[in-house]
Amino acid sequence: MTAGAAVAVDLGATSGRVVVGHVDQAAGTLGLDHVARFPNRPVRLASGLHWDLTGLYRDLTYGLADAFRREPGVTSVGVDSWAVDYALLRGDRLLGEPFHYRDGRNEAAVEAVHARVPFEELYRRNGLQFLPFTTVYQLAAERTGGCLGLADALLLIPDLVGFQLTGAKVAERTNASTTGLLDIETGEWDRELAVRLGLDASVLPRLVAPGTPLGGLRPEVAAELGAPAGVRVVAVGSHDTASAVVAVPMRPEAAAYISCGTWGLVGVELERPVTTDAAREANFTNEGGVDGRTRFLRNVMGLWLLSESVRRWERDGPPIDLPELLAQAAAVTTPVPVFDANDPRFLAPGDLPGRIVRWCLENGVAPPRSHAEFTRSIIESLAEAFANTVRTASALSGVDVETVHLVGGGALNTLLCQRTADRTGLPVLAGPVEATAIGNVLVQARSTGSAKGDLESLRSLVSRAFSPTRYDPGRPRER
Ligand code: LFR
């Protein structure tokens, strides 16, 4: 048993996990123990595409119970997830399962929002890139025919889990920064913007910084899960990308990062936002980081392109062995098309391979044919988009990028890492794979007193515990 263990609940768009972390700063050690992993399967209801949040909550609480059984020295729990999505509540009651950000309802809402507040003004106020699913657009869709009028609170996904565990209703700042309703200058809710968009700002909860203790478990929850006495829930960088960036073992003044899973979040860490016309035109975002830093980045479509293609192939054919498919893709020697990975047509679930073919035909290039060629084409297109985005991030921010850190599940994809090194012309340091859970654990450890110092001190623990794999440009590693 280790005193002061921290449990990270990390919910991703395709799976969730519960991980116990042990931090001993004096000894310079950081260990992770994987307790549970469960799928996150969205459901298409009559009202649209939703998250099965009730199912996710059940699975994560089973994971927590396992964590408490295995590690009675747990003192804290932290929750992170994907951003932008929210639940509406009236009193303690959930008003339905949250919408999935990939639901089609936002299309009309974008125009309605920009008719009230043009995008240039939105960008000045919130500093966010245009993504059609940002919470402000979802809420505009909710106004027509949704439950907004019934709600007295809006909670983002990790805050909703925190509420179920503790009873506290708050909005953690890094994730709140993805809603479009946070004022980039003051860091407070932009109530005037809410009013102009016809939204009732009284549903927005109190903002809290990462590291803030939210309180103990509700007694029924503690009893049901067999929690050790005194366990506290701590707000972490509850936007998964914010937690991942905490655990990038980088020197921010000379590095770019790619947090690569379902999405590829590509950018740099800054002390101040950049909201110039050039940043807006390049569609760069200024999301809130831990310790008040700015995550200046752009969303690139990410491994979603591959996972959704595989889902389509498996619907129509036999199951696919992913490592085998990636090995075949690495062996492809025929030219494959590099398509625009950021084309909005790739956002919604469905026939991704068919959409790639259509993109190629519209752009006068020969489409891929086999699964291996599609996979290679996806990886080349992602690596190209990553490289362009790293260059733009550097030009817009003035950070002289010497190294690219690639963290998250994508760090296991050797072909993607190598091709990113080749296409950026920079060394890629891959790992840690579990950056998000590590960042989550580190912010808890600092809040409970088992770690101290700024992000640089926390990152030095990460680089000691998880040595990255290096990919040099132009020198493919042996497979
Ligand atoms: C990554 C992520 C991105 C966000 C997208 C949608 O998991 O959180 O940062 O833009 O999901 O929420």
Residue count, region 182-209 (criterion: farther than 21 Å from residue 145 by Cα and either hydroxyl-bearing (Ser, Thr, Tyr) or assigned to a loop (DSSP other than H, G, I, E, B) (or both))
9
Out of the strands (runs of 3 or more DSSP E) lying entirely within region 27-83, which hold 1 or more residues that are over 25 Å from residue 408 (Cα atoms)?
43-45, 48-50, 74-81
Working only within region 84-120, note down all residues that are more than 16 Å from the ligand (Cβ to nearest atom), assigned to a strand (DSSP E or B) and of a type in the set (A, V, I, L, M, F, W, C).
88, 89, 94
Please give the number of the condition residue 236 fails out of (1) closer than 21 Å to residue 5 by Cα; (2) more than 24 Å from the chain's Cα centre (by Cα); (3) in a loop (DSSP other than H, G, I, E, B).
(2)
Might you let me know whether region 219-231 holds any residue that is within 16 Å of the ligand (Cβ to nearest atom) and either buried (at least 18 other Cβ atoms within 10 Å of the Cβ) or part of a loop (DSSP other than H, G, I, E, B) (or both)?
no
Among the candidates 139, 154, which residue alone is within 16 Å of the ligand (Cβ to nearest atom), outside any helix (DSSP H, G or I) and not β-branched (Val, Ile, Thr)?
154
Within region 11-51, residues being without any contact (Cβ under 8 Å) to a residue 40 or more places away in the chain, in contact with a helix residue (DSSP H, G or I) (Cβ under 9 Å, 6 or more places away or on another chain) and of a type in the set (A, V, I, L, M, F, W, C) number 3
Conditions (1) more than 16 Å from the ligand (Cβ to nearest atom); (2) touching a strand residue (DSSP E or B) at 6+ places or on another chain (Cβ under 9 Å); (3) at pLDDT 95 or above -> residue 57 fails only (2)
Starting from region 427-441, keep only residues that are buried (at least 24 other Cβ atoms within 10 Å of the Cβ), then list their pairs with residues that are among the charged types (D, E, K, R) and assigned to a helix (DSSP H, G or I) whose Cβ atoms are within a distance under 8 Å, requiring at least 6 positions of separation or different chains.
436/240
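The values are calculated or read from the model by the stated rules, or taken from the named source; none is laboratory data. These figures come from a predicted structure and were not determined experimentally. Positions of Cβ are backbone-derived with ideal geometry, glycine not excepted, and every protein chain shown enters the neighbour counts.
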